[in-house]
Amino acid sequence: MTRLVLGGYGPAIGVVDFGPDGFGAPVEIAAAEGPSFVITSVDGRFVYAALESEDGHVGAWAVTDEGPWRPLGQQPTGGAAPCHLALSPDGRWLVTANYTSGSVSVHPVEGDGSLGARTHLVQHHGPPGPQAHRQDGPHAHQVVFTGDGLVVCDLGLDSVVGYRVENGRLAEVTRSAMPPGTGPRHLVIDGSVAYVIGELASTVTVCDVAGLSLTPRAGVSLRSPDATGENTAAEVVVAGEQVLGSNRGDDSVTVLVHDGSSLRRTEILRCGGSWPRWMGLVDGQLLVANERSHGVARLLPDGDRWTVADVLDWPSPTGCAVLPS
């Protein structure tokens with residue numbers, strides 16, 4: 001069995017056991033207000049959460065065999081609405097994307113797993129994208145460590161910003177422009193290629209990667225040509241030869257495959273709920289956190305498709321993380 005940590009807009013972090021036959025019974029394991037994104041330390045001893053509010057904080061907990069987990073305190077991020085976290089490869093630094101304020105914070109991770117006082121806060125600046133109702137300024141949405149440093153998706157600036165990380169401080173070294181109005185939300189790097197999901201345009205842009213720089217190569221829409229109504233894309237996942245993108249509004253998962261230097265749609269599947277904010281591959285199964293229908297759907301591979309097997313009830317889920325044993 002695999003143990004999952006559950007994040008969301010509810011009043012607590014949860015845990016649930018997960019295996020080939022589905023989910024066990026979820027348990028509220030740590031009180032937390034709006035833990036919208038959760039991650040674990042590499043050894044599974046600690047869990048960290050973005051506590052998404054205008055007065056942004058990050059929290060830490062020590063994992064125990066018996067609940068509740070021991071709280072290790074919170075630290076202010078210095079920004080508004082923190083929505084994404086990442087630990088440095090050596091586990092010494094926690095980096096946070098603050099969405100509303102468009103900033104990135106760095107906190108040291110102490111020996112006992114707790115977080116120290118913030119060592120750096122970088123405020124993004126630059127010309128916003130053309131979709132004024134959403135791109136009214138910088139909006140940092142994801143932080144990802146690579147072998148060369150850190151990359152940050154900024155939805156408001158239509159950019160992916162590359163940073164060198166040194167002693168708890170960030171130094172911008174490159175800024176990669178994405179197609180105007182796409183609103184880069186998340187990316188996944190697969191070797192020398194990155195797939196950047198554009199929340200506002202419902203697209204995936206294929207990029208060549210050189211160090212911390214991304215060069216857009218081609219893009220594809222996640223929606224069918226006859227789609228109507230509002231839609232915002234949310235998550236991108238690489239699953240073998242497929243690239244998967246989630247659609248909030250259409251409430252679907254789009255399957256993309258390689259087609260020369262670009263991608264093409266092959267299937268648009270139901271996501272098992274409403275408002276699929278997060279997706280992840282766990283033990284060969286696709287998990288989809290459907291925020292507005294209050295459930296995490298489990299999808300099984302079925303040839304080139306994915307089929308909903310069951311749904312775990314959880315309040316406003318917005319992300320999951322595997323807890324190493």
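So the values come out like this:
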| item | result |
| --- | --- |
| Candidates Gly79, Gly14, Gly24, Gly59 - the one that is touching an Asp or Glu at 6+ places or on another chain (Cβ under 8 Å) and surrounded by 20 or more Cβ atoms within 10 Å (Cβ to Cβ) | Gly14 |
| Count - residues of the range 268-322 that are of a type in the set (Lys, Arg), surrounded by 17 or more Cβ atoms within 10 Å (Cβ to Cβ) and either over 18 Å from Val16 (Cβ atoms) or without any contact (Cβ under 8 Å) to a residue 12 or more places away in the chain (or both) | 0 |
| Which numbered condition Asp21 fails, given (1) free of Cβ contacts under 8 Å to residues at least 24 places away in the same chain; (2) in contact with a Phe, Trp or Tyr (Cβ under 8 Å, 6 or more places away or on another chain) | (2) |
| Qualifying residue in the range 59-79 (condition: within 20 Å of the chain's Cα centre (by Cα), within 14 Å of Ser36 (Cα to Cα) and in a strand (DSSP E or B)) | yes |
| Residue within the range 237-245 that is open to solvent by less than 40 Å² (accessible area, probe 1.4 Å) and not in a strand (DSSP E or B) present | no |
| Scan of the range 206-218 for residues that are under 11 Å from Leu263 (Cα atoms) and open to solvent by 10 Å² or more (accessible area, probe 1.4 Å), ordered by number | Arg217, Ala218 |
| Check on Ser325, under 15 Å from Asp250 (Cα atoms), among the polar types (S, T, N, Q) and either assigned to a strand (DSSP E or B) or open to solvent by 20 Å² or more (accessible area, probe 1.4 Å) (or both) | no |
| Qualifying residue in the range 126-137 (condition: surrounded by 17 or more Cβ atoms within 10 Å (Cβ to Cβ) and under 23 Å from Ala49 (Cβ atoms)) | no |
| Subset of the range 144-178 [of a type in the set (D, E, K, R), open to solvent by 70 Å² or more (accessible area, probe 1.4 Å) and part of a strand (DSSP E or B)] | Arg164, Glu166, Arg169, Glu172, Arg175 |
| Breaking point among (1) over 22 Å from Ala297 (Cα atoms); (2) of a type outside the set (Val, Ile, Thr); (3) touching a residue at least 40 places away in the same chain (Cβ under 8 Å); (4) touching a strand residue (DSSP E or B) at 6+ places or on another chain (Cβ under 9 Å), for Asp55 | (3) |
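The values are calculated or read from the model by the stated rules, or taken from the named source; none is laboratory data. For clarity, every value in this text was computed on a predicted model and none was experimentally measured. For neighbour counting, all protein chains shown are included, and Cβ atoms are generated from backbone atoms with ideal geometry for every residue, glycine included. Please note that ligands, DNA and RNA were not included when accessible areas were found on the heavy atoms of the full protein model with its side chains. Shrake-Rupley method; radii C 1.70, N 1.55, O 1.52, S 1.80 Å.
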